[in-house]
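The values are calculated or read from the model by the stated rules, or taken from the named source; none is laboratory data. Here the structure is a predicted model, which means the values were calculated and not measured. Here the Cβ positions follow ideal geometry from the backbone for every residue, glycine too, while neighbour counts run over all protein chains shown. Protein only, heavy atoms only, side chains kept; ligands, DNA and RNA dropped before computing areas. Shrake-Rupley method; radii C 1.70, N 1.55, O 1.52, S 1.80 Å.
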Amino acid sequence: MQSRMASLVALVVIAGCQQPVASPPTTINESPHSDSVEEVVDAPDVLTLIYSRSPVTLNPHLATGFQDFEAARIVYEPLASYGPDGDLTPILAAELPSQENGDVSEDGLSVTWRLQETLRWSDGEPLTAEDVVFTYKFITNDTVAAVTAQYYKDIKLVEAVDDHTVKITFTQPTSSWQTPFTGLNGLILPEHLFKDFNNRKAREAPANFQPVGTGPYRYLTEANGRLLFAPNELYRQPVKNFKRVEILGDVPAYVAARDVLREGTADFAHNIQLESAALIDLVQTGEAGGLVLTFGSQVERIMLNFADPNRETEAKERANIEFPHPILQDLRVRQAIDYGIDRQTIVEQLYGDLGIPTSQLLVAPNPFADEPIDFKYDVDTAKALLEKAGWVDSDGDGIRDRNNQPLTLVFQTSIGTIRQATQSLVQEQLAEIGINVLIERVRTEDFFSADPDQTKSINHFYADMQEYAIGNDIPDPTIYMGWWTCDNIASLENNWQKPNNSRYCDPEYDELWESVRKEQDPDKRNDLFRQMERKLAKDVAVLPIVHRALSNAVSYRITGYNFTPWDASTWDIANWQLVEPIEEETEAISEDAPTEATPDDVPAEKSKHSDTKDSNQVTEESIDSDPSETPSDE
């Protein structure tokens, strides 16, 4: 934290949250930069970022979670990304492709990107179109098993027309030309550092842990458990805001919020998820920072397992669609669970301003906001549905049963304050309609693991219900809505790497998704998305419960940030800077100026984020207000 920033000189090899990584087998080019990692940097010149988990890798295409993307985004950049309003902004590209400039073909089969011509990697090597082509080859190499591969599946060819021009040809006409190489999933890798690791050894590449990028800051090392970054002197514009950026991981949510809001020993804490009461206390007593809410596409949901997690195939695979779930395959039971969950109470007791009760999957962007998918908490209807399904309380113990089988469901989620509280509330609510819910809590790194051997992961889903938050990570939800198709069912055959962990499968839904992939008319696409969302709601294929805000804690000493739901919080870290001292402003005031308060005399606590929308700033008065009045992004 700030009191310890000036002494970060001990050098160790980056470890992340796995076993310590051995010294890299090859040497990365010597840096062309003038500063030294041993240089002592004064506390005010250090930007401290806190996360609940420590980065495991700094290669975004091998990321294990949000913390890896957040750290990698400081170094790596895409061709373009999406601002808060969802509009595409060029980054490495010189301009955006369009039909008007001839770079988007009229038949929807190709798009051409033109790169800025003076781009250089932080080791001095030039960035060219060949790096973009290589990134595509790396991502789509099955032996690499990149987590971003699904965003490139509709590409037929990526070719370098010249050093600064890339042409992408698709397998079929598409209106989603902007999906590849944009946002978090489009960060470009340097071919000269990864070309020998475009294979099963991809996770052994030294550059995974010592990245070389084009971003405003470059990676230095790990010291005292913190990842250190320094300004990239080869960045396309001067970076003079901070001499060091440091990332500290594995910090509990309350500690992270306290350090930024109350203690002032850190500048940023990512996505604070605490119960409303705890946050109210921190906001009321904290004078060092504030919460900035960004409502994007993140929806906390309860997934229902359509396969039996307790039966095994001959290959010893559990939760395979060969064996439908003995309880949840019945639509009436799924409907009863939906009616039995009180979303409003969950939000009021646990989320406050950080959530909005919802029954929708597509919450941003949402062209049908005036036609919401309604939810209803109705205990009597839930009980009646269970009765019709043959589930009755035959012995008076409060738990329904059928054919001597109790109506018991196992509900798992990752360890976290709000999620555990949500589990308890759902357990109480479903007990009221006669469902016995057994709670299982899984370590976060195990729950979200992509390791095929980790049986507690969300994709193995060896439970009946599970809770987590996710959403479309780009404004176009085509890839996201494909997660419920039959072809995307997670299984042993694909090493549990596909995203349909509920094992929902319906040919009618698949047909809608195939239609939206081909459709180029925006209005028709929106209508198809709406049909898909309503189909999932009708089938109770998933239970959305809370539209969740990204709630970043930000120090009052920094400004210039502009969080977007479509990229990492660090996407515009080049613009983050110190607030100008108040003393400089007061010195400029004339001695003849009036001393009484005027509209321009704003308290320092309120003026330090003058470039940030007031509607996104959470105050002690607003944090426990009616959730229906929660401020939202543009």
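Size of segment 504-579 along its principal axes in angstrom, Cα-based, largest extent first?
The Cα atoms of segment 504-579 stretch 55, 30, 18 Å along their principal axes.
Can you tell me how much longer the chain between Asp487 and Lys538 gets when fully stretched, taken as 0.36 nm per residue apart minus their C-alpha distance, in nm with one decimal?
Length difference between fully extended and current span is 16.3 nm.
For segment 466-533, what are Rg and Dmax over the alpha carbons, in angstrom?
Rg then Dmax for segment 466-533, in Å: 12.6, 38.
So how far apart, in nm, are the two label points at Val392 and Glu371 if each is 7 Å from Cα heading toward Cβ?
Calculated label separation equals 4.2 nm.
What is the distance in Å between the Cα centroid of segment 474-503 and that of segment 309-368?
Each part reduced to its Cα centre gives a spacing of 16 Å.
Taking 0.36 nm per intervening residue step and subtracting the Cα-Cα distance, what contour gain separates Ile399 from Gln237 on full extension?
Value of the extension gain: 51.8 nm.
At a 10 angstrom cut-off on C-beta neighbours, averaged per residue, how do the peptides 272-280, 208-216 rank from highest to lowest?
Per-residue mean Cβ counts within 10 Å order the peptides as 208-216, 272-280.
Assuming R0 = 25 Å, can you tell me the calculated FRET efficiency for the pair Glu159 and Asp510, based on Cβ-Cβ distance, to the nearest 0.05?
The value I calculate is 0.20.
What's the whole-number percent of alpha carbon pairs in segment 81-137 lying beyond 13 angstrom?
So the pairs more than 13 Å apart make up 69 percent of the total in segment 81-137.
What FRET efficiency comes out for Thr313 versus Lys195 if R0 is 41 angstrom and r is the Cβ-Cβ distance? Round to the nearest 0.05.
That pair, Thr313 with Lys195, gives E of 0.55.
What is the extension gain from Ile415 to Thr345, computed as 0.36 nm multiplied by their sequence separation minus the C-alpha to C-alpha distance, in nm to one decimal?
23.1 nm
Would you work out what percent of the accessible area of segment 226-329, with all protein chains in place, is carbon or sulfur (probe 1.4 Å)?
45
Report P(r) for segment 332-436: all Cα-Cα distances, bin width 5 Å, range 0 to the bin holding the largest distance, values in whole percent.
With a bin width of 5 Å, the distribution comes to 2, 12, 19, 20, 18, 14, 10, 4, 2, 0.
Give the separation of the Cα centroids, segment 383-435 to segment 75-114, in Å.
When both Cα centres are located, 49 Å separates them.
If I ignore ligands, DNA and RNA and count only protein heavy atoms, how much of Lys137 is accessible to a 1.4 Å probe, in Å² to the nearest 10?
110
With 11 Å as the cut-off, how large is the P(r) tail for segment 205-246, expressed as percent of Cα-Cα pairs?
64
Whenever you get a sec, line up Ser515, Ser175 from highest to lowest accessible area (probe 1.4 Å, protein heavy atoms).
Ranked from most to least accessible, the order is Ser515, Ser175.
Could you compute Rg(Cα) / (2.2 N^0.38 Å) for segment 31-163, with N its residue count?
Compared with the compact-globule rule of thumb, segment 31-163 sits at 1.26.
Checking the a/c ratio against 1.5 first, then a/b against b/c, what shape does the Cα gyration tensor give for segment 172-222?
Because a/c hits 1.5 or more and a/b fails to exceed b/c, segment 172-222 counts as oblate.
I'm checking a number: the convex hull volume of the Cα atoms of segment 260-354, normalised per residue, in Å³. What is it?
Taking the convex hull of the Cα positions in segment 260-354, it is 162 Å³ per residue.
State, to one decimal in nm, how far the label point of Ile439 lies from the label point of Asp142, with both points 7 Å from Cα in the Cβ direction.
Using points 7 Å along Cα→Cβ, the separation is 4.3 nm.
Cα to Cα, under 24 Å, and not fewer than 8 places away if on the same chain: which lysines meet these conditions relative to Lys316?
The reachable lysines, counting only those whose Cα sits under 24 Å from Lys316, are Lys456, Lys498.
Could you order Ser449, Ser394, Ser122 by accessible surface area, starting with the largest, using a probe radius of 1.4 Å?
Order by accessible area, largest first: Ser394, Ser449, Ser122.
Identify the GluC sites (Glu not before Pro) of segment 296-336 meeting these criteria: DSSP loop state and at most 15 other C-beta atoms within 10 Å of the C-beta.
Glu314, Glu322
Would you please put 373-384, 247-258 in order of how densely packed they are, using the mean number of other Cβ atoms within 10 angstrom per residue and starting with the highest?
Those peptides, ordered most packed to least, come out 247-258, 373-384.
Estimate the FRET efficiency between Gln284 and Glu428 by the formula 1/(1 + (r/R0)^6), using the beta-carbon distance for r and 25 Å for R0, to the nearest 0.05.
Efficiency, from the Cβ-Cβ distance: 0.30.
Hey, got the dipole for segment 189-299? About the Cα centre, +1 on K and R Cβ, -1 on D and E Cβ, debye to the nearest 20?
Dipole magnitude for segment 189-299 comes out near 500 debye.
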